[in-house]
1. Of the residues in the range 236-250, how many are at pLDDT 95 or above and within 12 Å of the ligand (Cβ to nearest atom)?
2. Of the residues that sit in the range 234-244 and are open to solvent by 10 Å² or more (accessible area, probe 1.4 Å) and not charged (D, E, K, R), which one is farthest from Ile4 (Cα to Cα)?
3. As an exercise: evaluate Ile5 against (1) within 26 Å of Arg222 (Cα to Cα); (2) open to solvent by less than 20 Å² (accessible area, probe 1.4 Å) and give the number of the one condition it does not meet.
4. Could you count how many residues in the range 150-202 are open to solvent by 50 Å² or more (accessible area, probe 1.4 Å), charged (D, E, K, R), away from the ligand (no atom under 11 Å from the Cβ) and outside any helix (DSSP H, G or I)?
5. Quick one: which of Lys66, Lys60 is surrounded by 24 or more Cβ atoms within 10 Å (Cβ to Cβ), of a type in the set (Lys, Arg) and closer than 26 Å to Glu109 by Cα?
6. Which count do you get for residues in the range 392-444 that are β-branched (Val, Ile, Thr) and farther than 19 Å from Lys467 by Cα?
7. From the list Asp94, Asp114, pick out the single residue that is more than 11 Å from the ligand (Cβ to nearest atom) and at positive phi.
Amino acid sequence: MWDIIIIGAGITGTFIARELSKFDLRILLLDKENDLSNGTTKANSAIVHAGYDAKKGSLKAQLNVKGNAMYDQICEELHVPFKRIGSLVTAFTDDELKTVKTLYERGLENGVPDLHLIDGKEVLSLEKNINPSIKGALYAKTGGIVGPWELALALAENAIDNGVKLKLNQEVTDIQKTVAGFQVRTKDNVYQGDIVINCAGVHADTIDGMVHEKSFEIIPNRGEYNLFDKSVGDLVNTVIFGCPTQAGKGIVILPTVHGNLLLGPTAENLDNKEDTKTTFHGLTTIGEYAKKTLREISFQNVITSFSGVRAKVATEDFIIEEVIDCSGFFNVAAIDSPGLSAAPAIAEYVVQLVTAYCDKNHKALKNKESFNPHRRANINFMELSLQEKQALIKKDPRFGRVICRCENITEGEIVDIIHRSGGATTVDGVKRRARPGSGRCQGGFCGPRVMEILARELGTKIEEIVKDGVGSYILTGKTK
Ligand SMILES: Cc1cc2nc3c(=O)[nH]c(=O)nc-3n(C[C@H](O)[C@H](O)[C@H](O)COP(=O)(O)OP(=O)(O)OC[C@H]3O[C@@H](n4cnc5c(N)ncnc54)[C@H](O)[C@@H]3O)c2cc1C
């Protein structure tokens, strides 16, 4: 019997799990995938928005501004890459200048600090590679960039180390309300819980429909990206947004926390929630935008393309509430952009709702004295001093063997991330945690080595190692 069952281990579910692990509770975190953070959290712009986009009074506006301010502390506690590099919403025409002014005013209403309207000359002093026809911009100094899946993985690791139980490959197929709480059914298990928290991303409407008549419809909306090599990572210094339109916040050009350049996303409604393909039209659209916005950009430096799916709803706001006709069941749904930015504040808000529910039911939450907010940093061998490197190799010679030559990742680092709580079991899981395969060759050289290490460390056959999702086998048999 669990006190709380959380469905979905993206940024929303992992944040809530970690926040609730501060209390004496038996918490179960379920996900249908074979790894954490394999939904929208692994494919987005990675921006910690300042908070001027959403309309005043909306949950999005409140929680974005609040969440943004919480980022420094959480990323420090968990050793997650986060940089407050500032963001610009650019205006190349008089009409765009008007839109930028509207955003500025909305930002002030929402309580966004350090927000400025700047002219073209000031933009050029910040961004020398921007098209010199720039007329002005909204400059939000609190805008930042983060490693989104790194954050979710770190939250999950810290939550597990603080007592949360994680179960992967558990697609929730049915939920029954019982006298004792809820019966949550997956293909091979039935779990009993007092409280259920629905953080199922684009599938949150299906989960909601399991406990009562479905109360909202998720509209999947895809955004496509190009990721560029680190050689052009310094083409821009801040997050550069195009002027927003009806379709969305506008296309963005930004550096990533690891020093690559990211360009995207598009915005296109879909019928299929799992449709993460990239298209000629989508990639051409973002390419045209980049050519118009920067003095020059070479597409020879694109190392990969990908897309992510937003969980939109007609009301355009987050849905975070206890379901009115199903006490103890909480929806944390429609966590569309700025969900990543708002996530710390969403978690805090959900804890308030859960606390109120527990108080009402005479089960007041008790703080867990042993809660440890800190997580050990990932080992970054190449950033160590010569003495530290030598000492580490002496202790464990696997730190002397470089596996990924693009990103300079050693075997020791890979072994470390496999054996952490909620550690990697797939090739892309290793890539997301330690970065082998993230460079120019995209795993062409290190992929087979990573498979060997995974098989050895997990005690499984190499043929069983998958690239990413369930069934994404790489090897089909021996050729010699
Ligand atoms: C193109 C794009 C760009 C974006 N850019 C930004 C940005 O720059 N800044 C920002 O703040 N936000 C951004 N967002 C929004 C942000 O990415 C999302 O708000 C956030 O990732 C949502 O996290 P989540 O945990 O709610 O959903 P997800 O990460 O999708 O997690 C949901 C989880 O639920 C699991 N699940 C689903 N169904 C079931 C089931 N039946 N049983 C068990 N598990 C299940 C899934 O496997 C998944 O792991 C962007 C989104 C997109 C698509």
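The values are calculated or read from the model by the stated rules, or taken from the named source; none is laboratory data. Just so it is clear, the structure is predicted and the values come from calculations on it, not from any experiment. Quick reminder, even Gly has a Cβ in these numbers, built from the backbone with ideal geometry, and neighbours come from all protein chains shown. Note: accessible area is taken over every heavy atom of the protein model, side chains too, but ligands, DNA and RNA are not part of it. Shrake-Rupley method; radii C 1.70, N 1.55, O 1.52, S 1.80 Å.
1. The qualifying residues number 2.
2. Among those that are open to solvent by 10 Å² or more (accessible area, probe 1.4 Å) and not charged (D, E, K, R), it is Leu235.
3. With respect to (1) within 26 Å of Arg222 (Cα to Cα); (2) open to solvent by less than 20 Å² (accessible area, probe 1.4 Å), Ile5 is out only on (1).
4. Of the residues in the range 150-202, 3 are open to solvent by 50 Å² or more (accessible area, probe 1.4 Å), charged (D, E, K, R), away from the ligand (no atom under 11 Å from the Cβ) and outside any helix (DSSP H, G or I).
5. On the way: Lys66 fails: surrounded by 24 or more Cβ atoms within 10 Å (Cβ to Cβ).
One residue alone meets the criteria, Lys60.
6. Of the residues in the range 392-444, 3 are β-branched (Val, Ile, Thr) and farther than 19 Å from Lys467 by Cα.
7. Details: Asp94 fails: at positive phi.
Going through Asp94, Asp114 in turn, just one is more than 11 Å from the ligand (Cβ to nearest atom) and at positive phi: Asp114.
The rows are residues; the columns are (1) open to solvent by less than 40 Å² (accessible area, probe 1.4 Å); (2) of a type outside the set (A, V, I, L, M); (3) within 16 Å of the ligand (Cβ to nearest atom).
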{"residue": "Ala345", "(1), (2), (3)": "yes, no, yes"}
{"residue": "Asp359", "(1), (2), (3)": "no, yes, no"}
{"residue": "His362", "(1), (2), (3)": "no, yes, no"}
{"residue": "Lys366", "(1), (2), (3)": "no, yes, no"}
{"residue": "Glu369", "(1), (2), (3)": "no, yes, no"}
{"residue": "Glu388", "(1), (2), (3)": "no, yes, no"}
{"residue": "Leu392", "(1), (2), (3)": "yes, no, no"}
